[in-house]
1. Considering every residue within the stretch 77-92, establish whether at least one is at pLDDT 85 or above, within 20 Å of Lys26 (Cβ to Cβ) and not in a helix (DSSP H, G or I).
2. Please tell me if Gly316 is over 18 Å from Glu242 (Cα atoms) and touching a residue at least 24 places away in the same chain (Cβ under 8 Å).
3. Looking only at residues that are of a type in the set (A, V, I, L, M, F, W, C) and more than 41 Å from the chain's Cα centre (by Cα) in the stretch 32-55, which one is modelled with the lowest pLDDT?
4. So which residues in the stretch 153-175 are surrounded by 13 or more Cβ atoms within 10 Å (Cβ to Cβ), farther than 15 Å from Ile130 by Cα and out of contact with any Cys (no Cβ under 8 Å at 6 or more places or on another chain)?
5. Could you give me the residue pairs with C-beta distances under 7 Å whose first residue belongs to the stretch 123-142 and is touching a residue at least 12 places away in the same chain (Cβ under 8 Å), whose second residue is hydrophobic (A, V, I, L, M, F, W, C) and not in a helix (DSSP H, G or I) wherever it lies, and which are 6+ apart or on separate chains?
6. Can you list the strands (runs of 3 or more DSSP E) found entirely within the stretch 1-76 that contain at least 2 residues being free of Cβ contacts under 8 Å to residues at least 12 places away in the same chain and of a type outside the set (A, V, I, L, M)?
7. Here's a check for you: in the stretch 286-318, which residue that is small (Gly, Ala, Ser) and in a helix (DSSP H, G or I) is nearest to Trp248 (Cα to Cα)?
8. So Lys127 clears everything in (1) under 17 Å from the mean Cα position of the chain (by Cα); (2) crowded, with 16+ Cβ neighbours inside 10 Å except one condition, right? Which one?
Amino acid sequence: MSAFDLTPRLARESRSNGKDTILFDKALPGFGLRIHPSGRKVWIVQARIEGRSRRIVIARHGEMELAEARRRARDMLARIRARGNPADDIQREKETPTLREFADEYLRRCEPHWKPSGRRTMRIYLKARILPAFGKMPLDRIGPEDVAAWFDAASKDKPGAANRALEILRAMMNRAEEWGLRERGSNPCLGIAKNPRNSVARFLDADELARLGRALDANEAHWPEAVAAIRLLALTGCRRSEVLDLRWRDIAGDALNLEDSKTGPRAVPLGEAARALIEALPGARDPEAFLFPRHAEGRGTYSLTTCWQTVCADAGLGRLRLHDLRHTAASQAVMAGENLPLVGKLLGHRRHRTTAGYAHLDDAHLVEAAEKVGKMIAKAMETPSLKPQADFAEALPSARRPSLTPLA
């Protein structure tokens, strides 16, 4: 039985000589490539099972790469040595759906419970990142090493997108376990650490907010609707889509009634300045009409972006995202003395941990808070005034005083 240094090129270029040919692998005895007279090629394992020499087909060449076929063969041979029969595993795999087949069922059962934006995101990541890598693999054969290699490769290009794709795949595998298509506790995404997120959030201080206001005033004549939308974003702390997709039916006195926010329906209280801005908007108050028709439902992205970039440049704010206005609203509220649960309600957060991520405090505010806390504790403990450091050495016993002998 001849053995070869089996490589992808050798497997691809080898042809039959008119009869069955098997190229066995030197690196893994018992594993090889079988070439039929018809030219059909299959990866196989040959071993003695229950006293008989058996050949078991792993997969067709072209449907499985050499590295994966070798790994599968290694698993099979280990099972044979443990007195198992991998033919049973193969039969079970034939009955197990591929990830692509499972994805169809997953979407059918889960999509009705998702928001439209969530459905779009899921389908984009499935098509672009998950199915190309795992779509043809049986659901229960996707292992941690497969996911780790895929995640590492994806992270080199776009680490943030790799993180999101990993979250989606992890959720799918959890469902596969719940539906009995994978063993419990076998999620291959477990133990894979996500890429660290770069902290890009900013919030504006009082001086920057004043400069932003003047820049908005200067550009209002050219981009009246975009400027009004930006002002409302700053005044409410709402997300971009929540403001741009507002209809007049959503305005209810002192609040915005958001039917489809990121965290579900919620009411956003309106302050006096926000109410005045909304009342000054032009156009008919048709309940189904948008407050910002030029920019609703994804329209006018270019003009809004151009307006925002121009305003930031005029105000000298550098690279600033529209979403940073939301950070600013949260931070200003916290620095004004509001507690995190209240700020979280204003912003529509489900978890206080999320609110804490927005509550950036400047150094002056922290020092002021530390000073207040320190005074309260010192007063409660009746702590006497500390002596100056110059008197500290004099207060030490002579045996404990540091040596002041100069160095030679």
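The values are calculated or read from the model by the stated rules, or taken from the named source; none is laboratory data. Predicted, not measured: the structure shown is a model, and the values here were computed from it. We place every Cβ from the backbone using ideal geometry, glycine too, and count neighbours over all the protein chains shown.
1. Within the stretch 77-92 (the criterion being at pLDDT 85 or above, within 20 Å of Lys26 (Cβ to Cβ) and not in a helix (DSSP H, G or I)), the answer is no, since none of the residues qualifies.
2. Considered against the rule, which asks whether it is over 18 Å from Glu242 (Cα atoms) and touching a residue at least 24 places away in the same chain (Cβ under 8 Å), Gly316 comes out as yes.
3. Step one: of the stretch 32-55, the residues of a type in the set (A, V, I, L, M, F, W, C) are 33, 35, 42-45, 47, 49.
Subsequent filtering for residues that are more than 41 Å from the chain's Cα centre (by Cα) retains 35, 47, 49.
Working: Ile35: 92, Ala47: 87, Ile49: 79.
Restricting to residues being of a type in the set (A, V, I, L, M, F, W, C) and more than 41 Å from the chain's Cα centre (by Cα), the top hit is Ile49.
4. Asn174
5. The qualifying pairs are Phe134/Ile142; Leu139/Leu181; Asp140/Leu181.
6. Ranges flagged: 52-60.
7. Among residues in the stretch 286-318 that are small (Gly, Ala, Ser) and in a helix (DSSP H, G or I), the one nearest to Trp248 (Cα to Cα) is Ala296.
8. (2)
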